[in-house]
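Just so it is clear, none of the values below were taken in a lab; they were calculated from the coordinates. From a predicted model like this one, the values you see are computed outputs, not experimental measurements. Neighbour counts are summed over all protein chains in view; Cβ atoms, including those assigned to glycine, are modelled from backbone coordinates with ideal geometry.
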Amino acid sequence: MTLHLKNISFVAVPKTATIAIEKAFSPYAKNYTPHTHEPVDVVKRDGGQDCLGLIRNPHDWIKSYYLYLKHSPYFYSASSAWGIGEKTFEEFVGRFCDGHHLWPEPLRLQSMYLLRNGVITDFIYRFEDLPDAVAHIGATCGQMPKMSHHDVSPECDVILSKKMAYLFEGAASEDFDLYESGADGVMT
């Protein structure tokens with residue numbers, strides 16, 4: 001899902017509208033490979049240009065990840081080595097916080113995609129500012145394709161205990177800091 005477009009590259013952070021952006025902009029990408037989530041240092045090295053990414057409120061992000069995995073026939077299956085089976089949201093977040101989980105792709109913090117090895121994404125938008133991020137990508141690469149929704153997690157009321165929310169906030173503190181630093185929209 002990493003996109004190297006004309007004059008800008010997109011850093012795909014899972015569960016931040018990456019599939020919608022991929023579907024819209026992939027026809028204009030150079031050397032496009034689907035289903036790839038690479039951190040900014042790799043994206044910048046391979047693209048050699050400014051990078052843009054999105055960050056989601058960490059509480060909403062982990063909830064969306066859980067619901068995505070929970071409602072996927074492949075990931076949910078109790079017989080699958082990758083499945084989350086009957087794990088509750090509390091158990092899922094607990095596993096994330098201890099670093100013990102079984103799903104196939106590494107469930108990394110959002111900040112691990114957006115800043116790594118001393119390299120930071122040039123433009124970081126909050127997930128809520130998706131239209132502005134898409135407009136930025138479109139204006140920079142000279143293409144403005146039609147966007148549509150893809151892979152939207154189902155609505156479901158899942159909550160964490162105060163103790164688990166506190167543990168998660170500690171485990172994802174870099175994400176919370178990065179998200180809060182973007183109070184005015186774009187960050188550089």
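Excluding G118 itself, what net charge comes from residues whose Cβ is under 12 Å from its Cβ, given Lys and Arg +1 and Asp and Glu -1?
Around G118, the charge tally is +1.
For the stretch 1-57, with only Lys/Arg (+1) and Asp/Glu (-1) charged at the beta-carbon, what is the dipole magnitude about the Cα centre, in debye rounded to 20?
Numbers: 7 positive and 5 negative charges, 25 e Å.
That gives a dipole near 120 debye.
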**Message:** Just to confirm a number: summing +1 for Lys and Arg and -1 for Asp and Glu over residues other than Y28 whose beta-carbon lies under 15 angstrom from that of Y28, what do you get?
**Reply:** +3
**Asked** Too long at a 23 Å Cα-Cα cut-off: which of K23/K87; K30/K70; K6/K44?
**Response** K23/K87; K30/K70
